[in-house]
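Structure record follows, encoded as structure tokens.
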There are 2 protein chains.
Amino acid sequence: MSEAAVELIRHTPTLAPMSARAAIVVTGTEVLTGRVADSNGPWLAEQLRQLGVDVGHIVVVGDRPSELHAALDFLASTGVDLIITTGGLGPTADDLTAQVVGAAQGRASELDVALQQRIMTIIERLSARLRWNIEPTAAAAGVRKQALVPKGAEVLEPVGTAPGLVVPVADGRSGPPVVVLPGPPRELQVMWPAAVESALVRHALADRTELRQSTLRLWGTQEPELAATLRGVEGEVDELEITTCLRGGELEIVTRYGAAAEPSYQHLLRAIRIAYPKQLFSADGSTVDDQVAAFLDERGWTVATAESCTGGLLAARLTGPAGASVRVLGGVVAYSDAGKTSLLGVDHDTLGAFGAVSEQVAEELAAGARHHLNADVGVGITGIAGPGGGTGDKPVGLVHLCAASPERTLARTIRVPGSRNDVRERSVAVALHLLRELLIP
Amino acid sequence: MSEAAVELIRHTPTLAPMSARAAIVVTGTEVLTGRVADSNGPWLAEQLRQLGVDVGHIVVVGDRPSELHAALDFLASTGVDLIITTGGLGPTADDLTAQVVGAAQGRASELDVALQQRIMTIIERLSARLRWNIEPTAAAAGVRKQALVPKGAEVLEPVGTAPGLVVPVADGRSGPPVVVLPGPPRELQVMWPAAVESALVRHALADRTELRQSTLRLWGTQEPELAATLRGVEGEVDELEITTCLRGGELEIVTRYGAAAEPSYQHLLRAIRIAYPKQLFSADGSTVDDQVAAFLDERGWTVATAESCTGGLLAARLTGPAGASVRVLGGVVAYSDAGKTSLLGVDHDTLGAFGAVSEQVAEELAAGARHHLNADVGVGITGIAGPGGGTGDKPVGLVHLCAASPERTLARTIRVPGSRNDVRERSVAVALHLLRELLIP
């Protein structure tokens, strides 16, 4: 039931039917072709959800005016209250979002001379600071283009060099206003509050209602079991929009609901708690990373890693959060037997007798991480990530893990199907859950 | 010109105007809300490009039938030759893609009894192998649902449990056929060749023309400079669709063009080579990772890392490719001074005199990686990833790097703006380019 792995059970009620609705258009051939993963669409969807605004469509379009225009017309026809575009506001003549949005809203563009001056000031400051070698006339042409805005549109001040816009539909026509935001995520995110404050946007989203979202995370449960559990409460949780998905071995249940459906959500939560008393490890949105960090910090313990097949991914993940240096002393990536011995004190005899990929070596790696990095807690991982290197005895995907604290030692052996990347990623997830189990009070 | 960072210059010719066109619909609330990053849309866009089929829109919809139906109607109205959907084929009653596509194409669904039997056989085999604890009647309901297919649709055999479909528009109506594919990327990718082989799909895409794509990668160039270079060839490369984007400090120029425009592409390539003789490091699609690996392997050299602020990310990246163990011996993540000293031999006095974040320590880290892991090449990274830990003297974002081989040593100091993650990621990119510079014959 691998289809179930991605999309298992979906109740699709008409969620918060009175809520305001919005749609998002992401522009850019680099997004359409997958060279750049879009983060703006999901970021905006989440911001809108927090405002109580429901999003039904995200459309990714290339850099052709006709495609953007068609997408805007389509989304307006779905009856949404607001459309938001991202990208296409650069200084070159072919970044045409502002003009296309203007055309779709029935508004011709005109030069905003005061805006032109403000952008020019920004460019001059940037050029001086970054020592750009850019021809003044080329810069002036770009600035002029960025200061061309649809007549009657509200300007959102530039964060970089590009102004954002709120473009209402032309007088006498009906349709949602379009918020035009820059593509670079940092510019977009800094500009967002100004967009929300705009009188046009506030008016468009007046009907919004509170939309709650809760995330439950399970570890060690199969999807078909969860499907059966959810079937058991069907009819009692109809006001909830429940989506489940499997990610790195964790089963994530995300529920969205209006405030009035809180009792239904509590009912669902009870049912999950009863069915999965051990497997439900997070009901407050925390990740396993958050919990491992918190458990370590509660005890004032430090951690160190000794990785083979995961090649540093566990260390990178543990050191990801701000302030990680309080608890993470470091780690060793020991791809070679010599490294395992010299840096982590793994016994030559253990390597000889059991091989590098063995429970025994995983345990000595964990112990070595503790002792050689002087940490309270050590994690050892050794396995065969593939695609080569497997044997009948020790196939690709076989990974041994061990986590050790001053109090106890836990070990786990897994067989991960899939690619080299799958094996590495899953091993890191298992290591984090092993750490959690080791540390949980 | 940070807007330029993401989308600098775009020529938007009507690319290969005679080419077949397709659109993609990605279903799933988990994608719409950003909890799961969609990989199917970009993967399909790339497959289609290789077939000479142009993609203008990717639409992401939630799990509501009305939204999917509206998206299908819109895409059909744009005059595309083919629509492809992904996801929503699960066994539960609310995975409705097949039925909604049927409705949009004017075809009612009916039970395919032979297909039902084939899916049941798959489920029984999976249940036995994975020891699912799943109720037989629940399974049967799911299988029956998955075997409901629009009348007249072509069935693509299941890879997991979900069959794919090719659904032509109803007789007497006009519109493109819709290919319905499962959501899990592995199932979708394995099923894709069968979809392409379908007579309906072949007929729909009969007008496709060869569409070439080339990627140039630059390091050490500013976007405004590139913009000026591209302006210099304007008018001579009009048949090319050029997109540029900045990723991790590399400037990537992707050009798409019909076969007849090959001379124009060669003209562009010459112009870039002349303007950026050193900065253009890849014209054949290879990444800096590929080149570092190849240069190491040419000399038969091994590499080891000594990382502080990047916390294992460089080791993880070097060990990512299959067969990395030939050249990567491992690394040390030394977050603490004690780890730098005990595992890598960094001098107490150096740490005392210059501090952990210093050129001197970066050099000793690189040397330590070489000697303590017995590698030919060593890389050392030390810096302040933030958000805390910065001082006036050593601000957040300051990173010292050093790469050393038996022949020479290269050092670099950078100041990276942005978040903790930005600093870590950029430092890894700089380290890889430093390695490349060290190793290039």
- request: Would you be able to say whether some residue in region A:424-439 is at pLDDT 95 or above and over 26 Å from the mean Cα position of the chain (by Cα)?
  value: yes
- prompt: For region B:4-80, which helices (runs of 4 or more DSSP H) that fit wholly inside it have 2 or more residues that are within 30 Å of B:Glu250 (Cα to Cα), modelled with pLDDT of 90 or more and assigned by TED's automatic domain parsing to the domain that holds B:Asp95?
  reply: B:40-50
message: Cβ contacts < 7 Å: first residue under 15 Å from B:Val201 (Cα atoms), restricted to region B:164-183; second residue charged (D, E, K, R) and in a strand (DSSP E or B), any location; separation 6+ or different chain. Result?
response: B:Leu165/B:Glu154; B:Val166/B:Glu154
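In this structure, does A:Ala271 turn out to be within 14 Å of chain B (Cβ to nearest Cβ), among the small types (Gly, Ala, Ser) and under 25 Å from B:Thr137 (Cβ atoms)?
Judged against the criteria, A:Ala271 is not a match.
Can you tell me which residues in region A:238-260 are part of a helix (DSSP H, G or I) and free of Cβ contacts under 8 Å to residues at least 40 places away in the same chain?
Of everything in region A:238-260, just one residue is part of a helix (DSSP H, G or I) and free of Cβ contacts under 8 Å to residues at least 40 places away in the same chain, namely A:Ala260.
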message: Can you say whether B:Arg436 is touching a residue at least 40 places away in the same chain (Cβ under 8 Å), under 28 Å from B:Asp297 (Cβ atoms), in contact with a Phe, Trp or Tyr (Cβ under 9 Å, 6 or more places away or on another chain) and among the basic types (Lys, Arg), as far as the supplied structure shows?
response: yes
message: Being under 30 Å from B:Gly34 (Cα atoms), within 11 Å of chain A (Cβ to nearest Cβ) and touching a helix residue (DSSP H, G or I) at 6+ places or on another chain (Cβ under 7 Å): is that true of B:Leu96 here?
response: yes
field: region A:391-413: number of residues that are free of Cβ contacts under 8 Å to residues at least 24 places away in the same chain, in contact with a strand residue (DSSP E or B) (Cβ under 8 Å, 6 or more places away or on another chain) and either not assigned by TED's automatic domain parsing to the domain that holds A:Gly300 or not basic (Lys, Arg) (or both)
entry: 1
- prompt: Taking A:Ala108 and the conditions (1) in contact with a helix residue (DSSP H, G or I) (Cβ under 7 Å, 6 or more places away or on another chain); (2) crowded, with 19+ Cβ neighbours inside 10 Å, which numbered condition does it fall short on, given that it satisfies the others?
  reply: (2)
task: Of the numbered conditions (1) open to solvent by 40 Å² or more (accessible area, probe 1.4 Å); (2) under 31 Å from the mean Cα position of the chain (by Cα), A:Thr391 fails exactly one; give the number of that condition.
output: (2)
Subset of region B:59-83 that is open to solvent by 10 Å² or more (accessible area, probe 1.4 Å) and β-branched (Val, Ile, Thr) - its residue that is nearest to B:Val26 (Cα to Cα): B:Val60
field: Conditions (1) under 20 Å from the mean Cα position of the chain (by Cα); (2) surrounded by fewer than 18 Cβ atoms within 10 Å (Cβ to Cβ); (3) of a type in the set (S, T, N, Q): number failed by B:Asn40
entry: (2)
- request: Considering only region B:273-289, state which residues are assigned to a helix (DSSP H, G or I) and without any contact (Cβ under 8 Å) to a residue 24 or more places away in the chain.
  value: B:Arg273, B:Ile274
message: Among the residues of region B:342-367, what is the count of those that are within 14 Å of chain A (Cβ to nearest Cβ), farther than 22 Å from B:Arg415 by Cα and either in contact (Cβ under 8 Å) with a residue 40 or more places away in the chain or hydrophobic (A, V, I, L, M, F, W, C) (or both)?
response: 3
- request: Pick out the one residue from A:Thr161, A:Thr86 that is more than 8 Å from every other protein chain (Cβ to nearest Cβ), crowded, with 17+ Cβ neighbours inside 10 Å, in contact (Cβ under 8 Å) with a residue 40 or more places away in the chain and touching a helix residue (DSSP H, G or I) at 6+ places or on another chain (Cβ under 8 Å).
  value: A:Thr86
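Determine, yes or no, whether A:Thr382 is farther than 20 Å from B:His371 by Cβ, β-branched (Val, Ile, Thr) and in a loop (DSSP other than H, G, I, E, B).
The answer is no for A:Thr382.
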task: Answer with yes or no whether A:Pro91 is farther than 19 Å from A:Val166 by Cβ, open to solvent by 40 Å² or more (accessible area, probe 1.4 Å) and touching a helix residue (DSSP H, G or I) at 6+ places or on another chain (Cβ under 7 Å).
output: no
statement: Filter region A:240-250 for residues that are at negative phi and modelled with pLDDT under 90; the one that is surrounded by the fewest Cβ atoms within 10 Å (Cβ to Cβ) is A:Arg247
field: The listed residue being in contact with a Cys (Cβ under 9 Å, 6 or more places away or on another chain), open to solvent by 50 Å² or more (accessible area, probe 1.4 Å) and of a type in the set (D, E, K, R), out of A:Arg408, A:Arg412
entry: A:Arg412
field: region B:153-163, residues that are more than 18 Å from B:Pro193 (Cβ to Cβ) and modelled with pLDDT under 95
entry: B:Thr161
field: Candidate set from region B:297-341 (those that are of a type in the set (Val, Ile, Thr) and in contact (Cβ under 8 Å) with a residue 24 or more places away in the chain); member that is surrounded by the fewest Cβ atoms within 10 Å (Cβ to Cβ)
entry: B:Val326
task: Give, as residue ranges, the helices (runs of 4 or more DSSP H) completely inside region A:331-377 that count at least 3 residues that are touching a strand residue (DSSP E or B) at 6+ places or on another chain (Cβ under 6 Å).
output: A:337-344, A:359-372
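The values are calculated or read from the model by the stated rules, or taken from the named source; none is laboratory data. No experiment lies behind these values; they were computed from the predicted model shown. A quick note on method: Cβ atoms are made from the backbone with ideal geometry, for glycine too, and the neighbour counts reach across all protein chains shown. Keep in mind that these areas ignore ligands, DNA and RNA; they rest on the heavy atoms of the full protein, side chains included. Shrake-Rupley method; radii C 1.70, N 1.55, O 1.52, S 1.80 Å.
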